[in-house]
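J.: Questions regarding the structure given below will be posed in turn.
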Amino acid sequence: QVQLVESGGGLVQAGGSLRLSCVASGRTFRGMGWFRQAPGKEREFVAAISWPAGNTVYTDSVKGRFTISRENAKNTLYLQMNSLKPEDTAVYYCALHWTGRASVDVAEYVTWGQGTQVTVSS
């Protein structure tokens with residue numbers, strides 16, 4: 001069973017940047033995604049990347065600001081977040097899909113990390 005560990009969260013001012021990392025304990029020859037959950041809200045899709053093509057998909061609110069990527073040799077998934085806004089504040093989770101697809105459906109992801117907090121101040 002692959003385990004996922006996120007890091008890179010923190011407190012940043014609006015307009016700033018953060019890069020989240022998600023290290024897997026083993027090979028992840030499947031699609032992976034980033035999700036986020038703000039207090040009192042449901043977990044929502046942020047970005048996903050397929051395997052092996054590396055096709056990406058983003059939720060509209062982060063297009064042009066966030067970039068998802070993966071470094072397969074290091075079993076690591078990244079989320080580069082630029083031009084951060086207060087509404088990006090949430091716990092961010094990485095997840096592993098059960099196939100190679102880049103899916104927006106939270107129910108299709110079978111393995112989750114513990115999450116990392118991102119707080120954007122205005």
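The values are calculated or read from the model by the stated rules, or taken from the named source; none is laboratory data. None of these values were measured; they are calculated from a predicted model. As a convention, Cβ positions derive from the backbone with ideal geometry for all residues, glycine included, and neighbour counts pool all protein chains shown. These area figures cover heavy atoms from the full protein model, side chains too; ligands, DNA and RNA do not enter into them. Shrake-Rupley method; radii C 1.70, N 1.55, O 1.52, S 1.80 Å.
J.: Show the residue pairs meeting these rules: Cβ distance below 7 Å; 6+ apart or different chains; first residue within the stretch 83-95 and free of Cβ contacts under 8 Å to residues at least 60 places away in the same chain and part of a loop (DSSP other than H, G, I, E, B); second residue open to solvent by less than 30 Å² (accessible area, probe 1.4 Å) and of a type outside the set (Phe, Trp, Tyr).
T.: From the stretch 83-95, the pairs are 89/38; 89/118; 89/120.
J.: Among residues belonging to the stretch 40-66 that are farther than 13 Å from residue 28 by Cα and aliphatic (A, V, I, L, M), point out the one that is modelled with the lowest pLDDT.
T.: Start the filter on the stretch 40-66 by keeping residues that are farther than 13 Å from residue 28 by Cα, which leaves 40-48, 53, 55-66.
Within this subset, residues satisfying the condition of being aliphatic (A, V, I, L, M) are 46-48, 53, 57, 62.
Numbers: 46: 98, 47: 98, 48: 98, 53: 94, 57: 98, 62: 98.
Here the answer is 53.
J.: What about residue 87, is it at pLDDT 95 or above and either small (Gly, Ala, Ser) or exposed (fewer than 12 other Cβ atoms within 10 Å of the Cβ) (or both)? So that I can check it myself, show each step before the final result.
T.: Values: at pLDDT 95 or above: yes; either small (Gly, Ala, Ser) or exposed (fewer than 12 other Cβ atoms within 10 Å of the Cβ) (or both): yes.
Against the criterion (at pLDDT 95 or above and either small (Gly, Ala, Ser) or exposed (fewer than 12 other Cβ atoms within 10 Å of the Cβ) (or both)), residue 87 qualifies.
J.: Suppose the filter is among the polar types (S, T, N, Q) and touching an Asp or Glu at 6+ places or on another chain (Cβ under 6 Å); does residue 116 pass it?
T.: Numbers: among the polar types (S, T, N, Q): yes; touching an Asp or Glu at 6+ places or on another chain (Cβ under 6 Å): yes.
So residue 116 passes the test.
J.: Related question: Taking only the stretch 1-42 into account, find how many residues are among the polar types (S, T, N, Q) and more than 30 Å from residue 122 (Cα to Cα). Explain how you work it out, then say what you get.
T.: As a first pass, look at the stretch 1-42 and keep what is among the polar types (S, T, N, Q): 1, 3, 7, 13, 17, 21, 25, 28, 37.
Going one step further and asking which of them are more than 30 Å from residue 122 (Cα to Cα), we end up with 1, 3, 25, 28.
Residues flagged as among the polar types (S, T, N, Q) and more than 30 Å from residue 122 (Cα to Cα) within the stretch 1-42 amount to 4.
J.: Among the candidates 69, 17, single out the residue that is exposed (fewer than 13 other Cβ atoms within 10 Å of the Cβ) and at pLDDT 95 or above.
T.: Details: 69 fails: exposed (fewer than 13 other Cβ atoms within 10 Å of the Cβ).
17 is the lone residue from the list that is exposed (fewer than 13 other Cβ atoms within 10 Å of the Cβ) and at pLDDT 95 or above.
One line per residue, one yes/no per condition, for (1) assigned to a loop (DSSP other than H, G, I, E, B); (2) within 20 Å of residue 82 (Cα to Cα); (3) under 14 Å from the mean Cα position of the chain (by Cα); (4) without any contact (Cβ under 8 Å) to a residue 12 or more places away in the chain:
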| residue | (1), (2), (3), (4) |
| --- | --- |
| 23 | no, no, yes, no |
| 26 | yes, no, no, no |
| 33 | no, yes, yes, no |
| 36 | no, yes, yes, no |
| 42 | yes, no, no, yes |
| 47 | no, yes, yes, no |
| 54 | yes, no, no, no |
| 57 | no, yes, yes, no |
| 68 | no, yes, yes, no |
